Amino acid sequence: MGNDIIDNEVIRTMSDAQVTLPKDQSTLVMGIIALPFSLGLIGIILSIITLTQASSALRLYTANPGKYLESSVKKVRTGKTCAIISLSIFGLGILLIGLLAASGGF
């Protein structure tokens, strides 16, 4: 009987353990890698994939915040921020090229 109490305690502790969000590490890495490639096709593709992964991971977190590690959530948010910055740089680059072309700068 004593072992049953200990086993139940271990099972309860294991079920309460927090886990990482799916693809948290890859979201962070792709978001960071997208930054230097912001003005190219690789940067756009990486940014879009990163934003997709981050959105689905954050949906999981929102549904059950106590289940996931805070460090994992921070990785996903950082990756998402890097992807947004990368897409913003791309947008600014296109805008500058358009302005230069319209002013006859090319």
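The values are calculated or read from the model by the stated rules, or taken from the named source; none is laboratory data. This is a predicted model, so every value here is computed, not measured. Quick reminder, even Gly has a Cβ in these numbers, built from the backbone with ideal geometry, and neighbours come from all protein chains shown. The area values use the complete protein model at the heavy-atom level, side chains included, leaving out ligands, DNA and RNA. Shrake-Rupley method; radii C 1.70, N 1.55, O 1.52, S 1.80 Å.
Computed quantities for the displayed model
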| quantity | calculated |
| --- | --- |
| Residue within region 38-55 that is open to solvent by less than 70 Å² (accessible area, probe 1.4 Å) and touching a Gly at 6+ places or on another chain (Cβ under 7 Å) present | yes |
| Lone unmet requirement of (1) surrounded by 15 or more Cβ atoms within 10 Å (Cβ to Cβ); (2) at pLDDT below 95; (3) part of a helix (DSSP H, G or I) for S15 | (1) |
| Sole exception among (1) among the aliphatic types (A, V, I, L, M); (2) more than 30 Å from Q18 (Cβ to Cβ); (3) surrounded by 20 or more Cβ atoms within 10 Å (Cβ to Cβ) for I94, by number | (3) |
| Any hit, region 42-59, residues being modelled with pLDDT under 95 and either within 10 Å of L21 (Cα to Cα) or not in a helix (DSSP H, G or I) (or both) | no |
